[in-house]
Amino acid sequence: MFGKIDVLISSEEIEKRVMKLAEEISNDYKEKAVVFVCILKGSIIFTAELCKKLSIEDVEIEFMTVSSYGNDTKSSGTISIDMDLCKEIGEKNIIILEDIIDTGRTLKYLVEHLKSKNPKTLKLCTLLDKPSRRLVDVEADYVGFTIPDEFVVGYGLDYAQKFRNLPYIGVLNQE
Ligand code: PRP
């Protein structure tokens, strides 16, 4: 069963940090067209909140569904693309939006996959980074928070598809 959820990052802290990330990205991409690629399902809330705060005008939001965890708290290690991008991205500035980088396998796989589509530029933005769990070499260009090795839920992140709706990032203590 589920245990108590302790708040790790409050909704106010997330709000402030996401605003900063949006300002940083807006500054880096002034006058440029950007396609944000939201990696479903975990990045849905982060994508919505970040994109609302951008001050650049030429913005598109696209979606991919990628999964690696199943219903466990540990990554299965097998990445599958359940829904690919539905448009050409050659000559576009792409920013991948992730909720979390854990082992790094998902992002590494995604980077290779999207690079094969020849984007003009490709950058990575993650709300959370758990570098202590990294198994493959991948780093994000924009990081919201670096967190310790705890299983976190909320703000898009789930345990067995639940808790994505929490407005904060919490640590799920399992009983
Ligand atoms: C989570 C998360 C990242 C990935 C990170 O997705 O959203 O995409 O795992 O883990 P990694 O760095 O070890 O590869 P998940 O497969 O749980 O799907 P979800 O986004 O639908 O929850």
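Any read-out appearing in this document is the output of simple, stated calculations on the displayed coordinates, not a laboratory observation. What you are looking at is a predicted structure, and each value in this text was computed from that prediction instead of being measured. Heads up, the Cβs are rebuilt from the backbone with ideal geometry, glycines too, and the neighbour counts pull from every protein chain shown.
Other residues whose C-beta falls under 12 angstrom from the C-beta of Asp28 contribute a net charge of -1, scoring Lys and Arg +1 and Asp and Glu -1. Our summary of shape: the Cα atoms of the chain have principal axis extents of 49, 35, 25 Å, ordered from largest down, in whole angstrom.
Ranked by the mean number of other Cβ atoms within 10 Å of their residues, highest first, the peptides 83-89, 7-13, 45-51 fall in the order 45-51, 7-13, 83-89. Comparing mean-square fluctuations of Leu122, Leu135, Leu40 from a GNM of the chain with C-alpha springs under 10 Å, the top value falls on Leu135.
Taking the DSSP beta bridges with both ends in the chain, the antiparallel portion is around 35 percent.
Net charge of the neighbourhood of Lys41, taken over other residues with C-beta under 11 Å away and scored Lys/Arg +1, Asp/Glu -1, is -2.
Take each peptide in 102-111, 146-155, count the other Cβ atoms within 10 Å of every residue, and average; sorted highest first, the result is 102-111, 146-155. Using a Förster distance of 22 angstrom, determine the FRET efficiency expected from the C-beta separation of Lys53 and Lys32, and round it to 0.05. With R0 = 22 Å, the Cβ-Cβ based efficiency is 0.80. By the helix-only formula, in which each DSSP H run with n ≥ 4 contributes -39500 (n - 2.57) and the sum is divided by residues, the chain has a 222 nm mean residue ellipticity of -7000 deg cm²/dmol. Listed by chain and number, the aspartates and glutamates placed with their C-alpha closer than 19 angstrom to that of Lys130 are Asp6, Glu13, Asp72, Glu98, Asp99, Asp102, Glu139, Asp141, Asp149, Glu150, Asp158; residues fewer than eight positions away on the same chain are left out.
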